[in-house]
1. Could you give me the residue pairs with C-beta distances under 7 Å whose first residue belongs to the stretch 42-68 and is without any contact (Cβ under 8 Å) to a residue 12 or more places away in the chain and among the acidic types (D, E), whose second residue is open to solvent by 60 Å² or more (accessible area, probe 1.4 Å) and part of a strand (DSSP E or B) wherever it lies, and which are 6+ apart or on separate chains?
2. Quick check: is even one residue across the stretch 25-44 modelled with pLDDT of 75 or more and more than 20 Å from the chain's Cα centre (by Cα)?
Amino acid sequence: MVQINNAIRRLDKTAFPAWYEIPLGGTLVSEGSTEYKTGGWRTKRPIWDPEDCSHCLICWIYCPEMAIQVKDGKITGIDTTLCKGCGICAQECPREKAMTMAEGGDY
């Protein structure tokens, strides 16, 4: 049996992998999507108002791209390279004006 080591988590994208290095279909090979910059294809952008934000972190929990930046239990901003403009953060925010969506993908 071929031993598959930790190299399966970081495949070399410049060379064709061996058959045993290819992950099975539907297998998560990394912890999240921070290495995939999805911000370039958004059509809406989140507007975060730190004055109205209660820092409940609900937007951070629901964000599928880990774009909500948090430090010491408080939201510090939005990573524009990761945000794809889905609007889940604004939809789930309990404070009406703390997180809203605006037209346009640029910040």
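1. none
2. yes
The values are calculated or read from the model by the stated rules, or taken from the named source; none is laboratory data. None of these values were measured; they are calculated from a predicted model. As a convention, Cβ positions derive from the backbone with ideal geometry for all residues, glycine included, and neighbour counts pool all protein chains shown. Just so you know, the surface numbers come from the protein's heavy atoms only, side chains and all, with ligands and any DNA or RNA stripped out. Shrake-Rupley method; radii C 1.70, N 1.55, O 1.52, S 1.80 Å.
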